[in-house]
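Some notes on the structure that comes next.
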Amino acid sequence: MTRASQQRPEPRRRRLSASTAIVVLAVAALTPLVALHIYSVLQIARAQEDHIEHDLEARAELVSATAMGAVDAALGTAEALAEAPGVTPDDPEGTRAILQAVLARRPELVNLWAADRNGGVFATALMVPGETLPSIAAQRYFQQVLATRAPVVATAMGLPQLPAVFAPLVAAPIQRGNEVVGSMQVAFQLPELGELARHVTLPENSVVTIFDGQGAILFRSFAPERWTGVSATQSQEWQTAQRVREGTFESPSIDGIDRLHGVEPIPGTDWLATIAIPLPQARTPIRQTLITQFAFLALLVLFAGLITWRARQLAETVDVQRRRLQGIIDQLPEGIMIIGPDGNAVLANRALEGLLGTSIEAQRPYRPQLERDLTWLEGERQMAWNELPFERARRGEPIHDASLIVVRPDGTRRDVLVDALPLRGTAGGAVEVLIVVADITALKEIDRAKDEFISVAAHELRNPLAGLRGYTQILLRRAREKGYDEETIRILTAVDEQAERLTSLTGRLLDVSRLAMGRFAIARQPTDLVALARQVQQNLQLTTTRHQITLQSRPDQIVGEWDESALRQVLTNLVGNAIAYAPGGEVAIRLFLEDGQADAFVSDQGPGIAPEDIPHIFERFRRVARLPGVRPAGLGLGLYLSRGIVEAHGGRIGVVSQVGAGSTFWFSLPLQAGERSREPSRQAWQEAGLPPGAVRAYTERSEV
């Protein structure tokens with residue numbers, strides 16, 4: 001059973017559409033805000049309600065204090081008169097004169113009267129001479145005064161000379177020595193309380209009411225002539241006030257209107273003072289606050305709803321465009337994937353899933369999806385995750401035409417060509433990464449078939465060419481021995497040279513095919529790179545008189561585990577190219593030993609390489625013209641072979657060139673087998689006479 005058949009693809013999670021997600025987010029965001037606003041409004045309303053109740057309590061306390069002041073004033077008058085020597089049952093006329101004088105000065109008093117110990121009234125402030133006065137012996141207040149020998153606050157219906165009047169009164173005992181000889185009564189009214197009901201902070205129809213201990217109405221600011229003296233014992237207002245005694249309450253008043261009441265007892269009496277305002281007016285500020293705040297909340301919700309509706313429209317448009325884009329890229333033969341800044345896969349097409357043999361889910365981290373069941377190879381070497389084009393592009397490095405091998409979950413291999421481009425935002429930073437993966441397995445198969453054909457053809461040509469060259473050299477030797485004419489010798493020499501050239505070309509083609517098919521092998525042995533370079537210098541100096549080949553090394557001997565023959569070919573290719581492309585001047589070979597590696601530089605004073613040719617300079621069959629309009633020479637295999645040989649040693653190779661100022665080819669080699677070299681250090685570049693900034697700009701661009 002294959003690996004693919006053992007694994008079942010994970011079911012895709014259903015993802016909310018963008019429009020639905022916006023609505024969900026809007027509701028999730030608005031719900032706590034609306035709840036908080038409603039809570040705040042209710043708290044404000046409660047605070048206003050507390051303020052109204054507190055204000056009403058304060059007004060009730062003021063009514064109580066005002067009523068108590070009237071009681072205290074009347075009580076003081078009664079006590080003063082009771083103690084006056086002229087107030088006595090023995091002198092009714094004198095007493096009457098005193099009472100009339102007090103009533104004249106005190107308009108708030110209703111009447112004043114004095115009674116003897118038997119209850120007989122002997123003088124009033126309103127009496128006329130010869131008038132018969134009633135007895136108050138049956139009045140409760142009179143009996144309390146005699147019993148307690150102390151002042152009494154009371155109410156009474158029917159006063160001397162005022163039988164239809166109900167009024168509050170105070171009674172004080174008249175004492176002479178230790179004997180009570182009578183009582184002094186002062187009836188009064190509460191006119192100031194009406195003004196309190198018209199306070200600036202209260203509604204116009206506020207009502208002040210004073211109840212006595214038996215539920216009779218002593219005072220009511222609204223229609224006092226109707227309500228004074230009326231018993232309210234059956235009313236809900238009186239019953240609730242008796243139960244509450246102090247504070248606020250809601251109930252119908254005695255006139256049937258629902259009101260908010262503030263109640264306060266009047267000290268020194270059993271009376272209750274209330275002040276009441278109609279409930280609708282009491283709740284008006286609260287209602288206005290609630291209406292205003294909830295209207296604002298409604299507008300806020302409406303505005304948020306409009307924004308959400310518009311955002312949903314835009315999201316639906318984006319969804320349509322996204323689906324359209326997904327449909328378009330699904331029809332592309334190349335695999336496409338976009339990675340977001342958070343490392344999640346934004347989208348991927350079917351071609352990529354089919355190419356990789358695994359499903360890719362959007363809005364999930366892309367790394368586990370491309371790493372879990374897949375293996376990425378460069379040649380036969382498994383690549384580390386941070387080496388892959390995807391991760392390099394996420395670090396801001398554009399990657400073009402990276403040739404990789406991907407091992408799919410079922411174990412099959414696919415050759416792919418990867419382009420990874422960081423998509424820049426307005427601030428210049430990488431926002432997303434676009435990945436394009438092309439399946440080049442068929443092309444690679446054709447390429448491998450071509451390499452196999454070249455290998456077979458070159459191998460088949462080697463033996464005939466070796467025989468041809470051998471016979472040519474025999475004929476050339478015999479022609480010289482037998483003294484053949486110069487023309488015959490020249491022709492044979494030319495045949496020998498062409499045979500040698502064909503043999504060299506055949507060897508190169510074999511090496512190229514071995515590199516392409518991964519069959520290139522190197523024979524490592526201790527090799528002195530300086531001595532090898534000196535041999536190449538001496539051999540190639542014999543081929544030119546227009547160039548001066550120089551060699552500089554630090555130190556004088558650099559020994560590593562390398563293939564001497566292969567490195568000779570690399571140096572010969574690089575120096576030979578410098579001689580071929582530069583019209584003259586110095587060709588400099590510079591060798592440096594660094595920490596665990598050797599660095600080599602070959603510089604010329606030629607025309608340089610055009611920037612557009614540099615990224616392809618190490619490709620097979622890539623040739624660069626020496627001069628504009630001149631057809632390039634050779635097959636374009638020398639640098640390709642040089643690159644393959646250097647990389648087979650675990651090294652790196654590159655070039656720096658400036659048009660009109662020459663070129664410098666460089667390579668680095670690890671001293672030991674199994675290691676990999678780095679780029680040359682800054683010091684090596686400086687000693688080679690090249691600016692490090694220019695080198696870094698190129699080597700990052702076309703690293704091999």
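Applied to region 371-388, the Karplus parametrisation 6.51 cos²θ - 1.76 cosθ + 1.60 on θ = phi - 60° returns per-residue 3J(HN,Hα) values of 10, 5, 10, 10, 10, 10, 10, 10, x, 10, 9, 6, 8, 5, 4, 6, 8, 5 Hz, with x for Gly and Pro. One quarter of the convex hull surface built on the alpha carbon atoms of region 73-149 amounts to 5.2 nm², the projected area averaged over directions. Averaging over all projection directions, the Cα-based convex hull of region 337-385 occupies 3.6 nm² in the image plane. Rounded to the nearest Hz, the phi-derived 3J(HN,Hα) couplings of region 478-489 under the Karplus curve 6.51 cos²θ - 1.76 cosθ + 1.60 (θ = phi - 60°) are 5, 5, 5, 5, 8, x, 5, 5, 4, 5, 5, 5, where x marks glycine and proline.
Distance between the 7 Å Cα→Cβ label points at residue 556 and residue 55: 11.0 nm.
Rolling a 1.4 Å probe over the protein chains gives residue 410 an accessible area of about 60 Å². If the segment from residue 40 to residue 484 were pulled out straight at 0.36 nm per residue, it would be longer than the present Cα-Cα gap by 147.8 nm. Solvent-accessible surface of protein heavy atoms, probed at 1.4 angstrom with all chains present, puts 681, 206 in the order 681, 206, largest first. A crude spin-label estimate for the pair residue 83 and residue 525, with each label 7 Å from Cα along the Cβ direction, gives 14.5 nm. As an equivalent ellipsoid, region 56-212 spans semi-axes of 31, 16, 14 angstrom, where each value is the square root of five times an eigenvalue of the C-alpha gyration tensor, largest first.
Computed over protein heavy atoms with a 1.4 Å probe, the accessible surface of region 89-184 works out to 46 Å² per residue.
Stretching residue 255 away from residue 344 to a fully extended chain increases their span by 24.5 nm, per 0.36 nm per residue minus the current alpha-carbon distance. Once the C-beta distance of residue 137 and residue 161 is scaled by a Förster radius of 22 Å, the resulting FRET efficiency is 0.80 to the nearest 0.05. When nucleic acids and ligands are ignored and a 1.4 Å probe is applied, residue 484 ends up with an accessible area of around 110 Å². Just the protein heavy atoms count here, and of the accessible area of region 26-98 at 1.4 Å, carbon and sulfur take up 63 percent.
Using bins of 10 Å that start at zero, the share of Cα-Cα pairs per bin across region 23-86 amounts to 18, 19, 16, 13, 12, 9, 7, 4, 2, 0, in whole %. Length gained on full extension, residue 246 to residue 303: 15.8 nm, using 0.36 nm per residue less the C-alpha separation.
Charge dipole (Cα centre; +1 on Lys/Arg Cβ, -1 on Asp/Glu Cβ; no other charges) of region 69-163 amounts to roughly 220 debye. Normalising the Debye intensity of region 281-339 to I(0), with uniform scatterers on Cα atoms only, and taking log10 at q = 0.23, 0.27, 0.29 Å⁻¹ returns -0.90, -1.00, -1.05.
When nucleic acids and ligands are ignored and a 1.4 Å probe is applied, residue 495 ends up with an accessible area of around 60 Å². Computed over region 140-191, the range of Cα coordinates on each principal axis works out to 35, 20, 16 Å, biggest value leading.
The values are calculated or read from the model by the stated rules, or taken from the named source; none is laboratory data. As the structure is a computational prediction, the values presented were derived from the model and not from experiment. FYI the Cβ positions are ideal-geometry reconstructions off the backbone, even for glycines, and counts take in every protein chain you see. The area values use the complete protein model at the heavy-atom level, side chains included, leaving out ligands, DNA and RNA. Shrake-Rupley method; radii C 1.70, N 1.55, O 1.52, S 1.80 Å.
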